[in-house]
Amino acid sequence: MGVLNNSLPDIGPVRAVDSAIGWGRKSSIWPMTFGIACCAIEMMAVYAATFDLDRFGAGVPRATPRQSDLIIVPGTVNAKMAVRVKRLYDQMSEPRYVIAMGACVCGGGPYVKWGYNTVKGVHKIIPVDIFVPGCPPRPEALMDGILKLREKVGRNQVFARQAQTAADMDGRYAAAK
Amino acid sequence: MTSLIAFFEGLGLEGVLALSAAYALCIASLLGFITVYAMFAIWMERKVAAHIQVRYGPMETGAWHGWAQSVADAVKLLFKEDLIPPEGNKFLFWIAPAVVFCGVFAGFIAIPFAEGMQIVDLHLGVFFIMAIASVEVIGVIMAGWASNSKYSLFGAVREAAQVVSYEIPAATALLVPILVVGSFRLGDFNAFQADHGWLVLYNPFLTVAALIYFISSLAGCKRAPFDLPEAESELVSGFHTEYSGMRFSFFFLEEYASMFVAAALTATLFFGGWNLFPWGGGWEPAPLAPVILISKIFFFIFVQMWLRWTLPRLRVDQVMAMGYKYLVPWAFVCLIGAAWFEYMGWGGLFS
Amino acid sequence: MEALEMYTVDPNDDVYTEELKLNLGPQHPSTHGVLRVELKVDGEIITASRCDIGYLHRCAEKIGENVTYLQFTPYTDRMDYLASMNNNLAWSLTVEKLLGVEAPERAQWIRVIVAELNRIASHLIAFGTYGIDIGANTPFFYAFRERESIMALLERPSGARMLYNYVHPGGVAHDIEDGWLEDVLAFCDEFEMRWKEYNTLLSHNAIFIGRTANIGVIPKDMALDYGLTGPVLRASGVSWDLRRDVPYLAPYDDLEFDVPVGEGTHGTLGDCWDRYWVRMREMMESIRIIRQACPRVPAGPFMDKAMNRMYKTPLKPEPGEAYMRCENPRGELGFYVVAEGGTSPIRCRTRAPSFCNLSVLDALLPGTMIADGVAIIGSLDIVLGEVDR
Amino acid sequence: MNETDIHSKLAGAVVSGVGALDESAKDPFVVVDPGSLVPAVTFLKNDADCRMEMLNCVTAVEREDCIEVVYHLSSVTHRHSLTLKTRVERPAGGTHESWIPEVPSVAALYASADWHEREQWDLLGVRFTDHPDHRRILLPEEWIGHPLRKDYVYPHEHGGMPLDLDAVPLYERDEATPSEPAAPRPSGTPLVQPPNPNSDRPDAGGVAPADSDGDLRSIKPGSNDGGGH
């Protein structure tokens, strides 16, 4: 789409196309199979039978970053791993979203003081969309994070110009809901 | 097809024009059919998998049981960035999904859904489908090689070895009903089974041949337990590791389309085609024929899904061993046995 | 491996194959976290491998030297995050050994129950993810269903779902509520039924046996040489279980249980299937232990009174050192603590079972195929949090 | 056998360098000289009455005046265990990281010692002579210093990845005006780069490009390396 991105006037038809794309994107967020530490187990619990992330269409974990829309960073990122996390993020295709799961990833967590090796929050490495704190967050918390991400994705504008005012933003938000 | 051409000629178009109009209509409707079918099959796969795995699967997208899930996936993939690895061969990378899809797409034109309801009534229908479906391998090798990724290469080589090996038992097993019916034309199988009952019950060798063909077709469609080319726990995503967005969805589409073709061959050649009852008949009302055939096809697709979500994956040498040590010899045994039965005039449970 | 013997690489031949370097991980679906294995492969056959760990190194030993003894308990949770109770238990026992105190009897019995429950939960993950490694996705979902029940049970006394911080030096953090033991027993009955379901689904599946039998064989001597412990050692035919041989909790002496040992049922002794099957049988032994222990939990305090008072100021053990080892789901977890009189130790070493069990990988991989490599990594059942600490 | 019996057998067998058994400790231990460590361990492993088949753990402990290496051995056959220690005195002035004590490796006797010794080298900077593969194990090969030393200075960043809590995120950094380098830490000794014994690169121990050491690690990014699937 390139040049067309956010360049068309913010009028009804453009908005309709945008919201259709937003609906598609938010209903089909494919996460990447990516586990680091403790939080990865709770992330697996979210995929598993009791919580079943697939209800929201997000239960198709893709092993390759090219095909995934969402990278959930579940667990402490250290200096050695940070290079890899960054590269993984770089390999993903747009649009891509990041959820920082767990205290370590949100800001160092228990390792913030004495961890000579840990990165204090993955937002130092890659831009993060949603922070889900907790050590580890309960599956419900991660589900909530993903639902928040769905809202965020759903009101994204693809073709239309970015909203200028807060009222405009609210209108879009209501429409996306 | 001929009736379509006649219809267009009736509209006043002449010769080539009528022909091309008819073809265009066929291709468009076929494309539409495949797309809609693939979306439904993907949704069905997710629901089947979910229910096998004690959960619900898609529930939110669209109102009823997430029926619009595949639509949303398609919209998402359509508007996803299309990455091409800079080190790879760009042209092959670009064209590979098309090659893969064309092979399977061409297979659809020979499938008869009812008497006269097929695009081309080929005299060598079975042969044509077997041959054209193999084109897919070339596309997969192109994809694997052009990706400049080792995992892709592994997946492509595995696919080549596996599909080429399993063509032999599949083709040999298909020769058994061909030998019994005495024709390559798919319509003849339906007619024959209307008189003599389902071929799978015709004689014991045909039963085994049906099993061999079904197993081989699983390997041909890269379905578990033969999903080695995209073995997720070993090769990440196999040959389509580097593909994203719409191009990746072509591989998805191709997988489900080839499942359809394989299931259609199984149903037509062994399980009565559009004849509802195992003892044959041919007295079902004609409009029901496509419904019966498609129901059978979906049953076999369901079995393929059921197997996928139940069985572990074979190892690459076990796949080869199974093909060459068990399926190929047994397929030949079936062929010879069926020939002997035909010579003696035995067989035909219901004829 | 007969294929391998006739498969030699000779560049002087007209037709020869080249070796390929393949990098598995740290982000790979089946390396169980962030393990990285560098492989040299000749076609599908691995000719050399090198493990690269440390992608989850979280400085636990440095932290142990800087925080108090009680503060370190939650960090032990995060080492083997699949068996937090067992880790808490090992750490608490180490500190108790250093202080020369013993937990009250009620606490000891509760510890046995929670540790065995967590052992089942941990083995369930091993079972589920091993299924995924072999290509069967469904066992994972079945395993997590039962695991959720265990987590719900353990949440009731501890208040946490996964990283419990429940077993403290001197006892347990909270008493169990009324009716909890009955629910545990009810879970045991249900689990026994489910366990049979798992075996129908995966354990005795012909493809599964074909993929795991005779693969990754660890002979007895090799297992001891590499310091392997836990199910991996027992699968090689060594009957060595610290619960029985070096009882670290008094109740284990009174309880009746078997130590499952590999038998080479479907292949060679010490292959992947044996390791898997030892784990499966251990789950049932744990159920047996819990069934015996639940009716025998005595009344009384759940925390040592003196220790409870000591918590108001940080613990200060006398100078000395202690090495304490416990039978964790993955093997022998040892804590070696050196105290010099301060509120925190000067050295806090963890002997992690996964670390030792993983070290054998480089010796096992050469000669196998890539798919076998995945099966071998899965059968060792490592937790990277514990390997790297 | 208990520890006393093992100790008396050991003292009788190995010629020199075996100290007395400290029975007051919670786990009675024997201190041996670094020079007689390998003979002592060999004896313990091979003697029919001792049969220490398993080396559970190798630990290095930094004390005031020395660095101690502790070996926990146990026998599966006889169900007994022993703690063995060896000590390297700290030389005068060897207070900071430049001091690398040397202890003979037992990796030839126990395969499990391989990784344990690598870890102790990595975290505490104890060099094990004759070790077959003397590299860092947990930290990246180009890491500076040994973190479990008491005078270790925490790094601000490594390999371009910020490790400070208040670091500026990578994607917000302005390429034209690089962010201020963090102020040097007030305390601590100067960073001294330890020599890397197993590398033939002249700049060993310094900042090296990631993944450029060893033949296997030479898979370059862009092909199919590291983080990328």
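The values are calculated or read from the model by the stated rules, or taken from the named source; none is laboratory data. On a predicted model such as this, the values are computed, not experimentally measured, just so you know. Here the Cβ is made from the backbone with ideal geometry for all residues, glycine too, and neighbour counts use every protein chain on show.
One line per residue, one yes/no per condition, for (1) closer than 23 Å to C:Gly159 by Cβ; (2) surrounded by 21 or more Cβ atoms within 10 Å (Cβ to Cβ); (3) assigned by TED's automatic domain parsing to the domain that holds C:Val172; (4) at pLDDT 90 or above:
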position: C:Tyr7; (1), (2), (3), (4): no, no, no, no
position: C:Asn12; (1), (2), (3), (4): no, no, no, no
position: C:Tyr16; (1), (2), (3), (4): no, no, no, no
position: C:Thr31; (1), (2), (3), (4): no, yes, no, no
position: C:Leu35; (1), (2), (3), (4): no, yes, no, no
position: C:Gly43; (1), (2), (3), (4): no, no, no, no
position: C:Asn66; (1), (2), (3), (4): no, no, yes, no
position: C:Thr94; (1), (2), (3), (4): no, yes, yes, yes
position: C:Leu99; (1), (2), (3), (4): no, yes, yes, no
Taking C:Gly64, is it within 14 Å of chain D (Cβ to nearest Cβ) and of a type outside the set (A, V, I, L, M, F, W, C)?
yes
Residue count for the range C:351-365, restricted to those that are buried (at least 24 other Cβ atoms within 10 Å of the Cβ), more than 9 Å from chain D (Cβ to nearest Cβ) and either out of contact with any Leu (no Cβ under 9 Å at 6 or more places or on another chain) or not in a loop (DSSP other than H, G, I, E, B) (or both)
3
Just to confirm my filter: which helices (runs of 4 or more DSSP H) fall fully inside the range C:182-301 and include at least 1 residues that are within 13 Å of another protein chain (Cβ to nearest Cβ) and out of contact with any His (no Cβ under 8 Å at 6 or more places or on another chain)?
C:206-212, C:220-225, C:231-235, C:242-245, C:272-293
Count of residues meeting criterion [out of contact with any helix residue (DSSP H, G or I) (no Cβ under 7 Å at 6 or more places or on another chain), within 29 Å of C:Gly25 (Cα to Cα) and assigned to a helix (DSSP H, G or I)] in the range A:9-40:
2
By residue number, the members of the range B:229-248 that are part of a loop (DSSP other than H, G, I, E, B) and closer than 22 Å to A:Glu94 by Cα are B:Val236, B:Ser237, B:Thr241, B:Glu242, B:Tyr243, B:Ser244
When residues of the range A:47-68 are limited to those that are more than 8 Å from chain C (Cβ to nearest Cβ) and among the β-branched types (Val, Ile, Thr), the one nearest to A:Asp90 (Cα to Cα):
A:Thr64
Hey, any hits in the range C:139-148 for a residue that's more than 21 Å from the chain's Cα centre (by Cα), assigned by TED's automatic domain parsing to the domain that holds C:Pro319 and over 27 Å from C:Tyr336 (Cβ atoms)?
no
The condition of being within 14 Å of another protein chain (Cβ to nearest Cβ), touching a residue at least 60 places away in the same chain (Cβ under 8 Å) and in a loop (DSSP other than H, G, I, E, B) holds, among B:Phe251, B:Phe226, only for B:Phe226
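A quick yes/no check of all residues on (1) without any contact (Cβ under 8 Å) to a residue 60 or more places away in the chain; (2) surrounded by 23 or more Cβ atoms within 10 Å (Cβ to Cβ):
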residue: D:Asp47; (1), (2): yes, no
residue: D:Arg51; (1), (2): yes, no
residue: D:Thr59; (1), (2): no, yes
residue: D:Cys66; (1), (2): yes, no
residue: D:Tyr71; (1), (2): yes, yes
residue: D:Val76; (1), (2): yes, no
residue: D:His80; (1), (2): no, no
Report whether or not D:Ser98 is within 14 Å of chain C (Cβ to nearest Cβ) and out of contact with any helix residue (DSSP H, G or I) (no Cβ under 7 Å at 6 or more places or on another chain).
no
Top-ranked residue in the range A:110-136 [being surrounded by fewer than 23 Cβ atoms within 10 Å (Cβ to Cβ) and outside any loop (DSSP other than H, G, I, E, B); ranked as farthest from the other protein chains (Cβ to nearest Cβ)]:
A:Ile130
Selected residue (only one of A:Met92, A:Met81 is within 9 Å of chain D (Cβ to nearest Cβ) and of a type outside the set (Val, Ile, Thr)):
A:Met81
Taking the options A:Ile36, A:Ile21, name whichever one is at pLDDT 85 or above and more than 9 Å from chain B (Cβ to nearest Cβ).
A:Ile36
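To keep it simple, each residue is scored yes or no on (1) surrounded by fewer than 22 Cβ atoms within 10 Å (Cβ to Cβ); (2) under 26 Å from C:Glu44 (Cβ atoms).
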| position | (1), (2) |
| --- | --- |
| B:Gly273 | no, no |
| B:Phe302 | yes, no |
| B:Pro312 | no, yes |
| B:Gln318 | yes, yes |
Does B:Phe277 meet the test of being among the aromatic types (Phe, Trp, Tyr), surrounded by fewer than 23 Cβ atoms within 10 Å (Cβ to Cβ) and under 13 Å from the mean Cα position of the chain (by Cα)?
no
Please count how many residues of the range B:12-26 are modelled with pLDDT under 80 and not hydrophobic (A, V, I, L, M, F, W, C).
3
With respect to the numbered conditions (1) out of contact with any His (no Cβ under 9 Å at 6 or more places or on another chain); (2) under 22 Å from D:His131 (Cα atoms); (3) part of a strand (DSSP E or B), which one is the sole condition not fulfilled by D:Gly19?
(2)
Hey, does the range B:117-124 have a residue that's within 9 Å of another protein chain (Cβ to nearest Cβ), crowded, with 18+ Cβ neighbours inside 10 Å and either touching a strand residue (DSSP E or B) at 6+ places or on another chain (Cβ under 7 Å) or not acidic (Asp, Glu) (or both)?
no
Report, by residue number, each residue of the range B:50-84 that is more than 7 Å from chain A (Cβ to nearest Cβ) and of a type in the set (S, T, N, Q).
B:Ser70
Would you say A:Ile29 is within 29 Å of B:Ala63 (Cβ to Cβ), within 14 Å of chain B (Cβ to nearest Cβ) and surrounded by fewer than 24 Cβ atoms within 10 Å (Cβ to Cβ)?
no
Residue by residue through the range C:302-329, note down the ones that are at negative phi and within 14 Å of chain D (Cβ to nearest Cβ).
C:Pro317, C:Glu318, C:Pro319, C:Glu321, C:Ala322, C:Tyr323, C:Met324, C:Arg325, C:Cys326, C:Glu327, C:Asn328
Search result, residues across the range C:199-234 that are out of contact with any Cys (no Cβ under 6 Å at 6 or more places or on another chain) and of a type in the set (Gly, Ala, Ser):
C:Ser203, C:Ala206, C:Gly210, C:Ala213, C:Ala223, C:Gly230
Any residue at all in the range B:116-128 that's free of Cβ contacts under 8 Å to residues at least 60 places away in the same chain and within 21 Å of B:Ser258 (Cα to Cα)?
yes
Please find, within the range B:312-334, the residue that is modelled with the highest pLDDT out of those that are of a type in the set (Gly, Ala, Ser) and within 21 Å of the chain's Cα centre (by Cα).
B:Ala331
Residue identified as surrounded by 24 or more Cβ atoms within 10 Å (Cβ to Cβ) and within 14 Å of another protein chain (Cβ to nearest Cβ) among B:Ala231, B:Ala263:
B:Ala231
Could you list, in sequence order, all residues of the range B:249-277 that are touching a Gly at 6+ places or on another chain (Cβ under 6 Å) and over 17 Å from B:Leu218 (Cα atoms)?
B:Asn275
